[in-house]
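In what follows, a structure is listed as structure tokens, so that the remarks can point back to it.
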Amino acid sequence: MNSPKYNTPPLDQRSVYLRKLVVRALAGGGRGHIGSSLSLIEVIRVVYDDYLTLDLQNLLWEERDRFILSKGHGCLAQYAVLADKGFFDLDELDKFCHNDGILGGHPEREIPGVEVSTGALGHGLSIGVGISLAARIKKKEYKTIVVTGDGEINEGSVWEAAMSAAQHSLENLTVMIDYNKNQSYGFTKEIIDLEPMLNKWASFGFGVIEIDGHDVNSIKSCLNSLPIAHGKPNAIICHTVKGKGLDFAENKPEWHHKSNITDEEIEQMNDCLNSKQLKG
């Protein structure tokens with residue numbers, strides 16, 4: 001399926017700035033999942049800015065909402081948002097994948113603001129189901145958001161978790177699918193076609209909606225309107241563009257991950273983002 005035709009607004013200054021933080025980390029580490037992180041920026045930005053209830057002074061506050069980045073390789077987007085919001089110092093981005101830094105190629109529980117260590121794909125939703133059930137048992141009101149990749153949902157464990165979530169009517173659980181139509185170094189349609197995506201999640205007992213995953217207002221409106229259907233877990237299919245914001249990398253499978261990133265490539269990325277900042 002092609003993405004629905006959305007009138008995606010231009011990237012605003014905050015979205016450009018967060019992408020520049022991703023590039024800063026790439027410059028520090030010389031490697032990273034570029035395309036996979038840039039498709040996530042608006043989703044993670046809105047989740048942290050406008051939805052999650054957290055306490056920066058008490059990161060283990062029991063009433064906090066939980067966020068799980070199941071597609072852990074997209075961690076640079078989460079690191080950019082966490083650093084910008086003060087969970088840790090911005091200088092940590094310069095030490096991405098360094099022995100003396102806290103930020104690795106996948107999120108780890110020891111990083112301030114990271115709820116769960118992820119990276120082995122297909123496990124985040126199962127963890128989210130357990131957390132949501134725990135909230136019910138303890139009579140707590142906290143909500144759980146799980147972000148998955150589209151290629152990630154090839155994993156059978158995702159659908160086992162989905163069946164469990166529906167069986168237990170976990171309307172405090174939301175899965176957001178980063179549907180950028182790419183997985184690793186190919187296109188989902190050619191590797192394992194995921195369509196009909198909406199019908200799949202609906203048939204597993206979820207309330208489902210499709211949105212433009214780069215439209216901040218649409219994401220905000222959707223999250224603030226949850227649950228989608230009373231008594232059902234929520235699935236938000238976020239139509240995104242892999243590499244969003246870097247015109248030369250958008251929808252290009254070869255930009256899924258880069259190793260040995262050169263100074264020239266970093267300059268190219270920053271020049272592209274600077275031009276968008278000037279337009280904004």
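The values are calculated or read from the model by the stated rules, or taken from the named source; none is laboratory data. Just so we're clear, the structure is a prediction, and the values are computed from it rather than from any experiment. Ideal geometry is used to build each Cβ from the backbone, glycine not excepted, and the neighbour counts take in all protein chains shown.
Brief remarks on what is shown
- When residues of the stretch 182-215 are limited to those that are within 22 Å of Trp255 (Cα to Cα) and modelled with pLDDT of 95 or more, the one surrounded by the most Cβ atoms within 10 Å (Cβ to Cβ): Gly213
- Per the listing Lys276, Lys252, Lys242, Lys232, the residue uniquely within 19 Å of Asp150 (Cβ to Cβ), crowded, with 18+ Cβ neighbours inside 10 Å and of a type in the set (D, E, K, R) is Lys242.
- For the stretch 140-170, a residue qualifies if it is among the small types (Gly, Ala, Ser) and within 21 Å of Tyr185 (Cβ to Cβ), and the qualifying residues are Gly149, Gly151.
- Members of the stretch 119-131 that are part of a helix (DSSP H, G or I), under 19 Å from the mean Cα position of the chain (by Cα) and small (Gly, Ala, Ser): Gly124, Ser126, Gly128
- The stretch 139-161 - residue that is assigned to a loop (DSSP other than H, G, I, E, B) and touching a residue at least 60 places away in the same chain (Cβ under 8 Å) and, of those, farthest from Gly207 (Cα to Cα): Lys140
- Selected residue (only one of Thr144, Thr174, Thr148 is of a type in the set (S, T, N, Q), over 17 Å from Lys232 (Cβ atoms), crowded, with 24+ Cβ neighbours inside 10 Å and modelled with pLDDT of 95 or more): Thr148
- Residue pairs whose Cβ atoms lie under 6 Å apart, sitting 6 or more positions apart in sequence or on different chains, and linking a residue in the stretch 120-131 that is at pLDDT below 95 to a partner that is of a type in the set (A, V, I, L, M) and part of a helix (DSSP H, G or I), are Gly122/Val158.
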